[in-house]
Amino acid sequence: MSEHSHLSTHCRVCGARIGAFMSFGRMPIANGFLTAAEIADEYHFELAPAFCSACSMFQLVEQPQPDRMFHGNYAFYSSTSRYMQAHFERFAQAVWSKFLAERSDPFVVELGSNDGIMLRHFQARGMRHLGVEPSVNVAQVARERGIETVSAFFGRTLAEDVERKFGKADAILAANVMCHIPDLPGVAEGVRRLLKPDGVFIFEDPYLGDMVAKTSYDQIYDEHVFIFSAGSVMRAFARHGLDLVDVAPQKTHGGSMRYTLAPKGSRPVSAAVGECLARERNQGLEYPETYLHFKQNCERSRDRLMSLLSSLRRDGKRIVGYGATSKSTTVTNYCGITPDHVEFISDTTPIKRGKLSPGAHIPVRSHDEFARAYPDYALLFAWNHADEIREKETAFLAAGGRWIVYVPDVEVIS
Ligand code: TYD
Ligand code: ZN
């Protein structure tokens with residue numbers, strides 16, 4: 001670990017000394033789409049992950065200030081993908097039927113409720129609900145849809161405020177949010193206080209086991225300060241009187257895990273927890289050597305992708321990126337992908353269009369421009385939506401277009 005010895009700190013969960021096992025180099029804010037005029041002021045930090053051998057938490061060594069990432073103009077709206085909408089409807093339905101249906105006047109809180117993609121299913125049942133969403137513009141969209149939302153960061157203080165105003169929660173939910181919060185102990189403490197003694201805390205995030213298995217290193221970017229495993233979640237929350245009582249793998253975000261936690265001793269622990277921990281041990285998720293191997297896999301993936309892109313460009317092929325994802329910021333900057341490789345990135349999100357991608361400064365354009373003159377190759381940055389996208393883009397393939405993917409391996413698909 002001496003190679004990155006300047007990148008060492010203390011584990012955000014247990015306080016043990018940790019050091020980066022690799023660096024992805026100088027990185028901009030992953031969701032920081034910008035105009036040409038903003039290039040001069042673009043913010044950078046060093047993106048370097050570490051593994052804590054004491055508590056097994058995978059985490060970033062350095063993270064930009066939260067207000068640089070989640071500000072008034074945060075460009076991420078959950079409700080843009082049809083599949084994600086269906087996913088959150090099922091999530092809400094599962095929570096309702098398993099934990100809330102029998103209760104009188106239950107209260108559900110969602111951390112990082114975004115534009116209300118999940119809470120609207122509770123609101124539709126007339127249930128007491130509260131969304132906590134730090135991004136002012138996104139929270140406003142939720143409010144306009146009638147979803148009760150506060151714009152704030154969740155922690156001990158906010159938990160107390162919420163309890164005073166609404167009482168304790170039957171369920172606290174979070175999707176793709178917990179891995180964003182550097183003060184995990186503060187949030188865990190807030191959750192413990194806000195939860196009823198028979199309440200549940202259910203959250204899901206990209207799963208370390210999938211990331212290591214698929215070399216999907218693009219899960220590593222500024223917002224994802226942690227990549228969780230069942231083992232690390234169990235240890236982190238045990239410190240705050242919460243048991244990990246269930247786990248369930250999810251297909252979303254290229255492989256996620258849903259964790260159910262409950263006040264210590266309040267619920268039986270499902271067999272799935274023990275099975276998942278055993279799989280993690282077999283996969284080596286608890287051993288530092290696994291991450292040195294992961295680093296080599298990242299380097300190999302980068303080399304293969306760059307030699308493919310370079311050789312296609314030498315042959316005069318047009319390559320367009322598909323999906324201006326946050327994840328793609330790590331890929332473009334780590335691999336050194338430039339506008340000479342990728343002409344533009346097609347994206348359906350209105351506020352990303354007309355901007356440049358962070359760091360690599362590849363123009364982001366509308367899907368119309370992609371469809372108007374299909375490129376020879378589309379580099380699938382939104383690989384987590386591959387099924388949905390390939391279903392939609394049959395005309396691209398029919399026109400002779402090909403997909404370039406890099407997860408789990410660098411490959412051309414026609
Ligand atoms: P997302 O899956 O949220 O990834 P990340 O968390 O890494 O940002 O982002 C998907 C992006 O891809 C989003 O900007 C919208 C875009 N997109 C398209 O342009 N077309 C599509 O068909 C889909 C599904 C997504
Ligand atoms: Zn630790």
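Per-structure values
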item: Hits in the stretch 95-111 - residues which are closer than 21 Å to Leu194 by Cα and in a helix (DSSP H, G or I); result: Val95, Trp96, Lys98, Phe99, Leu100
item: Conditions (1) part of a loop (DSSP other than H, G, I, E, B); (2) within 23 Å of the chain's Cα centre (by Cα); (3) buried (at least 18 other Cβ atoms within 10 Å of the Cβ); number of the one not met by Ile172; result: (1)
item: Residue, nearest to His224 (Cα to Cα), within the stretch 250-278, restricted to residues that are of a type in the set (Val, Ile, Thr) and not in a strand (DSSP E or B); result: Thr252
item: Test: residue in the stretch 268-280 that is away from ligand 2 (no atom under 16 Å from the Cβ), under 22 Å from Glu223 (Cα atoms) and open to solvent by less than 40 Å² (accessible area, probe 1.4 Å); result: no
item: Members of the stretch 148-169 that are aliphatic (A, V, I, L, M) and either more than 13 Å from Leu111 (Cα to Cα) or over 24 Å from the mean Cα position of the chain (by Cα) (or both); result: Val162, Ala169
item: Flag for Gly359 being touching a residue at least 40 places away in the same chain (Cβ under 8 Å), assigned to a strand (DSSP E or B) and either open to solvent by 10 Å² or more (accessible area, probe 1.4 Å) or within 28 Å of Ala37 (Cα to Cα) (or both); result: no
item: Cβ-Cβ under 6 Å pairs, at least 6 apart or on other chains, the stretch 38-63 side part of a loop (DSSP other than H, G, I, E, B), far side among the polar types (S, T, N, Q) and more than 16 Å from ligand 2 (Cβ to nearest atom); result: Ala48/Ser23
item: Residues located in the stretch 1-28, provided they are open to solvent by less than 60 Å² (accessible area, probe 1.4 Å), modelled with pLDDT under 95 and assigned to a loop (DSSP other than H, G, I, E, B); result: Leu7
item: Residue within the stretch 392-413 that is over 23 Å from Met306 (Cβ atoms), within 14 Å of ligand 1 (Cβ to nearest atom) and among the β-branched types (Val, Ile, Thr) present; result: yes
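The values are calculated or read from the model by the stated rules, or taken from the named source; none is laboratory data. Just so it is clear, the model here is predicted, and its values are computed rather than measured. Positions of Cβ are backbone-derived with ideal geometry, glycine not excepted, and every protein chain shown enters the neighbour counts. The protein model used for the area step is the full one, side chains on, heavy atoms only, and it has no ligands, DNA or RNA in it. Shrake-Rupley method; radii C 1.70, N 1.55, O 1.52, S 1.80 Å.
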